[in-house]
């Protein structure tokens, strides 16, 4: 997963707390994505960005916000965490020339 | 709505026992079908992209094929290191966001 770095790797939150997940890529890609992965559900798109300063909603955006202030960084925020947001979160960046999404190693989040 | 169904959910094979994983899809115009490998605790790792029916791609013991309705990932004489979850995803014409729709994966275990 060279090139896409996610921090933190693990986090435990209490219901109602807030946090920000950081995704950084060093491949100069325009497109970036945030997914969540739950057992039996597969990877589901939360939000995505097609370039610096742009964001858009994916399949399951409720309860999340994102920002893309710099091309290399894509932040995912939870303003008031809920137990339903317990999941593994993956960031990906997209190489348009090769048509391939490259994934980070994931952030495992538990909301108690 | 794009849909991807993978079967079986889990597969256990003896080392050297060849088999195939299935990915059935429904999409309004296929731009690409992707296979990824995911090891426990890690992010998905790109394997193949297939673009049109009849296309085949190979990498070591893996061969991916594509028809108009499904894709197969054939594993020949697998080794324990091939144990992983294999994910299938489709990309449809989607007005520039390049997003993927994923299946829930097949968890493959190769027994020495």
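Do you know which residues across the stretch B:87-96 are assigned to a loop (DSSP other than H, G, I, E, B) and facing another protein chain (nearest Cβ under 10 Å)?
First, the residues of the stretch B:87-96 that are assigned to a loop (DSSP other than H, G, I, E, B): B:92-96.
If the condition is that a residue be assigned to a loop (DSSP other than H, G, I, E, B) and facing another protein chain (nearest Cβ under 10 Å), then B:96 is the only one that fits.
Counting only residues that are within 14 Å of another protein chain (Cβ to nearest Cβ) and under 12 Å from the mean Cα position of the chain (by Cα), how many does the stretch A:10-23 have? Can you show your working first?
Applying the first criterion (within 14 Å of another protein chain (Cβ to nearest Cβ)) to the stretch A:10-23 yields A:10, A:21, A:23.
So of that shortlist, the ones also under 12 Å from the mean Cα position of the chain (by Cα) come out as A:21, A:23.
Number of matching residues: 2.
Residues that are surrounded by fewer than 12 Cβ atoms within 10 Å (Cβ to Cβ): which strands (runs of 3 or more DSSP E) entirely in the stretch A:1-73 hold 1 or more of them? Don't jump to the end; show me each part of the working.
Details: elements: A:4-7, A:10-13, A:19-25, A:31-38, A:42-49, A:65-67.
Per the criteria, A:10-13.
Take the residues of the stretch A:57-94 that are out of contact with any strand residue (DSSP E or B) (no Cβ under 7 Å at 6 or more places or on another chain) and more than 20 Å from residue A:38 (Cα to Cα): which is nearest to the other protein chains (Cβ to nearest Cβ)? Please lay out each step first, then the result.
Just the residues of the stretch A:57-94 that are out of contact with any strand residue (DSSP E or B) (no Cβ under 7 Å at 6 or more places or on another chain), to begin with: A:62, A:69-71, A:80, A:84.
Cutting the leftovers down to more than 20 Å from residue A:38 (Cα to Cα) gives us A:69-71.
Working: A:69: 20, A:70: 20, A:71: 16 Å.
The extreme case among them is A:71.
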Exercise. Go through the stretch A:24-43 and give me each residue that's within 11 Å of another protein chain (Cβ to nearest Cβ) and closer than 17 Å to residue A:94 by Cβ.
Key: A:29, A:30, A:31, A:32, A:33, A:35, A:43
Self-check item: Checklist (1) surrounded by 14 or more Cβ atoms within 10 Å (Cβ to Cβ); (2) within 14 Å of chain A (Cβ to nearest Cβ); (3) within 22 Å of residue B:15 (Cα to Cα) applied to residue B:75, failing item
Solution: (2)
Quiz item: Restricted to the stretch A:97-112, and to residues that are in a loop (DSSP other than H, G, I, E, B) and more than 7 Å from every other protein chain (Cβ to nearest Cβ), which residue is nearest to residue A:41 (Cα to Cα)?
Solution: A:112
Quiz item: Can you name the residue in the stretch B:93-112 that is surrounded by fewer than 17 Cβ atoms within 10 Å (Cβ to Cβ) and farther than 19 Å from residue B:39 by Cα and is also modelled with the highest pLDDT among such residues?
Solution: B:93
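Yes or no, residue by residue, for (1) in a strand (DSSP E or B); (2) closer than 25 Å to residue A:56 by Cα:
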| position | (1), (2) |
| --- | --- |
| B:33 | yes, yes |
| B:58 | yes, no |
| B:64 | yes, no |
| B:71 | yes, no |
| B:85 | yes, no |
| B:98 | no, yes |
| B:104 | no, yes |
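The values are calculated or read from the model by the stated rules, or taken from the named source; none is laboratory data. Because the structure is predicted, anything quoted here is derived from the model rather than measured. As a convention, Cβ positions derive from the backbone with ideal geometry for all residues, glycine included, and neighbour counts pool all protein chains shown.
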